[in-house]
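Participant: Before I ask anything, let me first share the structure, which is written out below as structure tokens.
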Amino acid sequence: MTPVTLHDKTFDSYLSEQTIKERVRELAAQISKDYAGNKGKQSVLFIGILNGAFMFASDLFKELSIDAEISFIKLASYSGTKSTGKVVTAIGLDQDLFGRDIIIIEDIVDTGKTLHEFLPKLQHSQPASLRIATLLHKPEATQYELTLDYVGFAIPNKFVVGYGLDYDGLGRNLREIYQLSGNE
Ligand code: IMP
Ligand code: MG
Ligand code: MG
């Protein structure tokens with residue numbers, strides 16, 4: 001596919017629509033297998049992190065063959081006191097997580113800071129289990145200890161857009177994933 005230009009930057013085609021689709025199917029099959037034992041008990045609760053994960057969450061959710069619920073939250077980070085550092089809060093989390101099997105759906109784990117700061121807050125609600133499904137992971141950029149249970153693609157440390165991910169607001173509607181052009 002031809003490169004795309006968003007604002008001032010050019011992005012080259014990186015993961016095709018078909019490649020993404022197939023991988024999302026595989027992840028959904030793996031998750032469905034792992035949680036098949038929940039049948040007749042409590043359904044799995046998926047929590048999508050807005051905005052970036054909306055497309056991945058939607059496609060993943062459609063492919064599940066287990067009883068599942070989905071909810072979306074937005075994370076807002078602000079500077080707390082010196083001792084607390086940066087504070088990440090969830091907007092829109094209305095479910096009781098106590099005793100639930102939770103799977104967080106993320107678009108990408110880059111430094112890992114967002115989830116590293118947010119997961120302890122979820123643990124506070126005492127879910128039965130808490131796992132992460134992320135479409136993309138940049139291992140070279142990740143600086144925080146995180147267990148990523150379901151990873152679509154491990155990618156190089158280059159900025160990507162498309163399939164929900166944006167560059168300064170643009171690019172979320174692209175059907176494939178593009179990578180910042182090498183010479184930029
Ligand atoms: P973190 O560095 O792991 O905390 O990443 C935080 C968020 O930054 C991700 O969930 C994405 O929404 C966004 N982000 C990180 N890397 C990229 C990228 O390459 N393209 C678009 N958004 C990104
Ligand atoms: Mg995100
Ligand atoms: Mg963004």
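Participant: I need to check one value: relative contact order of the range 75-184, counting alpha carbon pairs closer than 8 Å and at least 6 residues apart, in percent. Could you put the intermediate results ahead of the total?
Facilitator: Numbers: 179 pairs, mean separation 20.9, N = 110.
Answer for the range 75-184 is 19 percent.
Participant: Under a crude label model (7 Å from the Cα following the beta-carbon direction), how far is Gln126 from Lys158 in nanometres?
Facilitator: It works out to 4.8 nm between the two label points.
Participant: Now for a different question. 7 Å from Cα along Cα→Cβ at both Ala141 and Lys33: what's the point-to-point distance in nm?
Facilitator: 3.0
Participant: By what distance, in whole Å, do the Cα atoms of the range 1-151 stretch along each of the three principal axes, largest value first?
Facilitator: 48, 46, 26
Participant: Oh, and also: Taking R0 as 30 Å, what FRET efficiency do you get between Ser43 and Lys21 from their Cβ-Cβ distance, rounded to the nearest 0.05?
Facilitator: 0.75
Participant: Report the extension gain between Asp166 and Ala90 in nm, rounded to one decimal, defined as 0.36 nm multiplied by the number of residues separating them, less their alpha carbon distance.
Facilitator: The span from Asp166 to Ala90 would gain 25.3 nm if fully extended.
Participant: To continue, here is another question. Grab the chain and count how many Lys pairs have their alpha-carbon atoms under 22 Å apart, sequence gap of 8 or more, or different chains.
Facilitator: Taking the chain as the scope, the lysine pair count is 24.
Participant: Further, regarding this structure: For the charge dipole of the chain, defined by +1 on Lys and Arg C-beta atoms and -1 on Asp and Glu C-beta atoms about the Cα centroid, which residue among Ala36, Gly169, Val4 has the Cα displaced farthest towards the positive pole?
Facilitator: Ala36
Participant: Given a Förster distance of 25 Å, report the FRET efficiency between Lys74 and Phe98 from their Cβ-Cβ distance, rounded to the nearest 0.05.
Facilitator: 0.70
Just so you know, all these numbers are worked out from the coordinates, no wet-lab data involved. The model shown is predicted, which means the values in this text are computed figures rather than measured ones. Heads up, the Cβs are rebuilt from the backbone with ideal geometry, glycines too, and the neighbour counts pull from every protein chain shown.
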